[in-house]
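A quick write-up on the structure given underneath.
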Amino acid sequence: MTQTGTAIEVDHLIVGAGFGGLCAAIKLDEAGERDFVVVEKDSDVGGTWHINTYPGAECDVPSQLYSFSFALNPDWSKVYSPQQEIWEYTKRVATEAGILDRCVLDTAVDHATWDDAQQRWIVTTTHVRTGEERTYAARTVVSASGGLSEPSLPDIDGIDSFAGEVFHSARWDHDVDLRGKRVAVIGTGASAIQLVPEVAKIAGRVDVYQRTPNWIIPRNERRFTSLEKTLFRYVPGAQRAVRAGVYATLEARVPAFVRFPVAMKAVEAQGKKNIAKGISDPALRAAVTPQYRAGCKRILVSNKWYPALDRDNVELVTDGIAKVTAGGIVDSTGTEREIDVLVIATGFHVTDAPIAQHVTGREGRTLAAVWDETGMRAYKGTAIHGFPNLFQIVGPNTALGHSSMIFIIESQVRYVVDAARTMRQQGLAAIEPTAEAQERWTTAVLERMRKTVWTTGGCASWYLDKFGNNVTLWPGQTFTFRRHLSRFDPTSYDVTALTDAVDTTTATEAVSA
Ligand code: N01
């Protein structure tokens, strides 16, 4: 890191200290690319697992797979890890890797602008508490700000006039005592199904506002025995073998998502059994039974959700919300239910990636403006035409509905590290995927989407953008994604050599020079 004028020069600036940012930092460090900073707006590392502290927050991907491949954890307590354990894991891994000294916490990225003359990203940041401003001049930016980090708030008439306590599931207000209170929860997605059963145990009453039911299958929940943990720790290969088994089981589900959605009937049967087991009232059973193909929206796992809805102090409201008043919620039939606390569990901004508003590329346009016209697009989900030396971790069409995002993150980070190595070895100042390469990739991905359950399943989901395209999920096996990103491929890029003059040549010319 060097201070030149008002800017701090760094090789790599990583945005976000969640799984994506930490993985990038650790792997760049290992590759000898040690001149980096990780800028994180939160007060600690861990990303979503530090921020989402709502009651009942747990991972819905099995813990054996929800860890870095290079830092297995023999001490996971359960088959599905609780939030606190995952957060502590990220902190421990970052500490042991020795990269915490380069994490700049409590600091938000205001803007990142590509400076063609300097062949660097000029990144301005502000400390969220002191207001101190800094400017970095970075060779590359690795954007790992998370696909599900910015709460999406519902646009409901009168919501600002509510006089009680109100907060989003991802910004839980632990100062609000819910004991005996009348609580309303808007939304019935992955977050709501975890928090409602916990809230219902202590609240006086909980009104759950459901717009669309989800398919929810049983959760194979149990604690690991001490014998298992001992085996994981001391028997070489034991934990890796279990992890491989979990990975293979989840991958076996991919064909049903992408080619043969009719196979999802088996999941629907599981879901219906789960409903029958948890709910006794036929009307309530019908109200929670989805009318679209399983998998079209994220398949959820819970043993607690249906029994929670069956409680006397919980009411499922399926009539739409007409408005919010100072004291309660009025549904579309005109019924007003008075409440003390409003919990908003309506998900996140996804297809309008919030970070894109803060990034301006080579042609002076923000990424948000470009993507607003075309939909989110990136070559291999990672690099973007018009935005040199920018790498998007968990970029377009990289998310999963069936397995661990950490596998995808590690695949992308390998690619980024190989790109950094290539740039250093070949003396390149800038790399940028060609428009053709990006178009080819995007067309192939969208073509593969046509038969998927996300397109044909008969639902509306947050996977789809305003053009109706699924720009969120990877339509295939995760090992195929990894293979595509196994090596940085300069022939798909325009590159600029490290000379004073800005000289854009094709990769082939530069490589053969
Ligand atoms: O958000 P969601 P989430 N009026 O978007 C409803 C991850 N995650 O925070 O389906 C009324 O799933 C909306 O209704 P509808 C995981 O990837 C992981 O729960 O659009 N309702 C839906 O019911 C997950 O998929 C874990 O009709 C409105 C809900 O709000 C992602 O985060 C745990 C509405 C939003 O559900 C998001 O989950 C938790 C409105 N105006 C989350 N707007 C793990 O365990 C929206 N809704 C790893």
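The values are calculated or read from the model by the stated rules, or taken from the named source; none is laboratory data. Quantities reported herein were computed from a predicted structural model and do not represent experimental measurements. Note: ideal-geometry Cβ built from the backbone for every residue, glycine included; neighbour counts use all protein chains shown. Quick note on the areas: whole protein, heavy atoms, side chains included, nothing else; ligands and nucleic acids left out. Shrake-Rupley method; radii C 1.70, N 1.55, O 1.52, S 1.80 Å.
Taking the residues in the range 447-461 that are out of contact with any strand residue (DSSP E or B) (no Cβ under 8 Å at 6 or more places or on another chain) and either closer than 21 Å to V370 by Cβ or open to solvent by 40 Å² or more (accessible area, probe 1.4 Å) (or both) as candidates, determine which candidate is farthest from the ligand (Cβ to nearest atom).
E447
Pick from the range 348-368 the residues that are without any contact (Cβ under 8 Å) to a residue 60 or more places away in the chain and not in a loop (DSSP other than H, G, I, E, B): which of them is nearest to the chain's Cα centre (by Cα)?
It comes out as A356.
List the strands (runs of 3 or more DSSP E) that sit entirely inside the range 1-64 and contain at least 1 residues that are more than 14 Å from I99 (Cβ to Cβ) and either under 19 Å from the mean Cα position of the chain (by Cα) or in contact (Cβ under 8 Å) with a residue 60 or more places away in the chain (or both).
Filter on the range 1-64 gives 2-4, 7-15.
Within the range 423-477, can you find the residues that are in contact with an Asp or Glu (Cβ under 6 Å, 6 or more places away or on another chain) and farther than 18 Å from F348 by Cα?
If the condition is that a residue be in contact with an Asp or Glu (Cβ under 6 Å, 6 or more places away or on another chain) and farther than 18 Å from F348 by Cα, then E432, T434, Q477 are the ones that fit.
Is one or more of the residues making up the range 398-418 farther than 29 Å from V258 by Cβ, surrounded by fewer than 22 Cβ atoms within 10 Å (Cβ to Cβ) and over 18 Å from the mean Cα position of the chain (by Cα)?
no
Within the range 169-185, restricting attention to residues that are open to solvent by 10 Å² or more (accessible area, probe 1.4 Å) and more than 14 Å from K201 (Cα to Cα), which residue is farthest from the ligand (Cβ to nearest atom)?
D175
Does the range 431-451 contain at least one residue that is within 24 Å of F260 (Cβ to Cβ), part of a loop (DSSP other than H, G, I, E, B) and either out of contact with any Ser or Thr (no Cβ under 8 Å at 6 or more places or on another chain) or without any contact (Cβ under 8 Å) to a residue 12 or more places away in the chain (or both)?
Looking through the range 431-451, at least one residue is within 24 Å of F260 (Cβ to Cβ), part of a loop (DSSP other than H, G, I, E, B) and either out of contact with any Ser or Thr (no Cβ under 8 Å at 6 or more places or on another chain) or without any contact (Cβ under 8 Å) to a residue 12 or more places away in the chain (or both).
Can you name the residue in the range 40-99 that is open to solvent by less than 30 Å² (accessible area, probe 1.4 Å) and of a type in the set (V, I, T) and is also nearest to the ligand (Cβ to nearest atom) among such residues?
V61
Those residues that are free of Cβ contacts under 8 Å to residues at least 12 places away in the same chain and closer than 14 Å to A200 by Cα, I need them from the range 308-347; list them, please.
D312
Looking only at the range 321-347, how many residues end up being open to solvent by 40 Å² or more (accessible area, probe 1.4 Å) and either away from the ligand (no atom under 16 Å from the Cβ) or in a loop (DSSP other than H, G, I, E, B) (or both)?
So the answer is 9.
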